[in-house]
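Heads up: the structure comes next, in C-alpha cells.
Bear in mind these aren't lab numbers, they're just calculated from the coordinates by the rules spelled out. This one's a predicted model, so the numbers in the text were calculated from it and none came from an experiment. Cβ sites come from the backbone with ideal geometry, for glycine too, and all protein chains shown count toward neighbours.
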Amino acid sequence: MKTFAGELIPNDLPSGRGLADQGRDLGNQITMGVSNFCKFHGVKSELEYKQKMSREGRIMTALTIGLTDWPETKKGLQYIKEVSADRGFYIDRFIIALDRRMGLPSEMRAAAIKETGPMLNSEQEWLEVAQSVQIQPHMGDMMIGSPSSLDNTRRALEAGVNYIGNLSQFAWKYPGWPGDDVAQMSEVVKALGLMASKAGEGAVVHSYLDDGFPAQFGDYSSYLGWAKFERYVVEELIGAKLAHAYGGLTHDPITKTIVTMAIESLRPADVCSSFYFG
C-alpha cells in the first residue's frame, strides 16, 4: 500500500510560505542594530567579525552566563571582561542562558513558574544585552523555537544580536503555553522568515543540535542527516543563513573531532558556525 506525504499532512495547516512571508514583511520594517562589540571592531555584524577572525586563523572564545536577573548578569560580564583583560585573555562572545519563561509570549510570563536564568523585562534591558558590555551576545535559548519566536527575534535583532536560535528547541515544551505544536511552530517559521530578511546584513539562525531530536539518535549518521535536513529547511526553503553548534554531550575527543569536521563539511563558505564545545 502506497502512502503519500500529502496524505499525512492535515489540510488545515497554515501555509509555511505564508508564515515565512509574514516574518519577512516584519523584517522590512525594522533595522538590525550593531552591537557595542561590533562597533569597537569596525564591523557591522558578528558574522563579519567571525569571517575576519577566520582569515587571521584565530580561535574565538565564548562563555555561557545567566545569573538571577539581567542586572546581576551584566555585572558578572563586566567583571569577567575586566579580569580577563588584566590577564591578557580575550573573550569574544557570551551565550546568555535565559529563564525558560522568556520563551512564552510576554503577557504570559508573570503567571509562569520562575526557573533559572535572567528575564529581560524592558526595552532597555534588551538593548543593554548588546550595548552595555564589549562582548558580543549570542541569544541561543528561548528565542527561535519558542512560542515567542517572532517577537523575541525582532527584539534581539534590533538590539544588535546577530546569531539567534535555538532552532532545535522547537521540540521543547514551555510550561504555561496554552497553544499546540502547530501554533508554536508557526511562530518559529515566522521568525525564520524574519531572519531571512536580514541574511544579507549578517543575521544567522543558530541551532545547537544537542538540544533537539538529534540528541536522541543512536548513531552519528542520523545526527548529521538531521543537520542536513535543517539546512534544507532554513537555507533552501526559507532563504536564511544557518549555523550549527555541537559537542556538549560528547566526552570522547576523537568522536568529537570527527563529528565536528563532518558538521563543518556541510557549512556553506559564507557562514561561520556558532560554536563548538571543546
Q. How many percent of the alpha carbon pairs in region 158-278 exceed a separation of 18 Å?
A. 52
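Taking the Cα centre of region 15-276 as the origin, how large is its charge dipole in debye, to the nearest 20, when only Lys and Arg (+1) and Asp and Glu (-1) carry charge on their Cβ atoms?
Around 460 debye, computed over region 15-276.
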Q | Computed P(r) (all Cα pairs; region 1-130; 5 Å bins; percent) | A | 2, 8, 12, 14, 15, 14, 12, 8, 6, 5, 3, 1, 0, 0
Q: Divide by every residue of the chain the summed helix terms, -39500 (n - 2.57) for each DSSP H run of at least 4, and state the resulting mean residue ellipticity at 222 nm, rounded to the nearest 500 deg cm²/dmol.
A: -12500 deg cm²/dmol
Q: Considering the options Met108, Ser168, Ser186, tell which one lies farthest towards the positive end of the dipole of region 15-276, charges being +1 on Lys and Arg and -1 on Asp and Glu at the Cβ, about the Cα centre.
A: Ser168
Q | Whichever aspartates and glutamates have a C-alpha closer than 14 Å to that of Lys75, once near sequence neighbours (fewer than 8 apart) are set aside | A | Glu125, Glu128
Q) What span do the alpha-carbon atoms of region 180-219 cover on each of the three principal axes, reported in whole Å from largest to smallest? A) 37, 27, 11
Q | Rg/Rg_ref, the chain, where Rg_ref = 2.2 N^0.38 Å and atoms are Cα | A | 0.99
(Q) If a paramagnetic tag sat 7 Å from the Cα of Leu127 along the Cα-Cβ line, which residues of region 142-160 would have the backbone N under 11 Å from that point? (A) 159
(Q) Taking 19 Å as the cut-off for C-alpha to C-alpha distance, list the pairs among Lys74/Lys198; Lys52/Lys256; Lys44/Lys198; Lys198/Lys241; Lys190/Lys228 that go past it. (A) Lys74/Lys198; Lys52/Lys256; Lys190/Lys228
Q) Which of the GluC sites (Glu not before Pro) found in region 202-239 are in a DSSP loop and have at most 13 neighbouring Cβ atoms, other than their own, within 10 Å? A) none
**Q.** trypsin sites (Lys or Arg not before Pro) lying in DSSP loop within region 30-108, provided at most 12 other Cβ fall within 10 Å
**A.** Arg58, Arg87
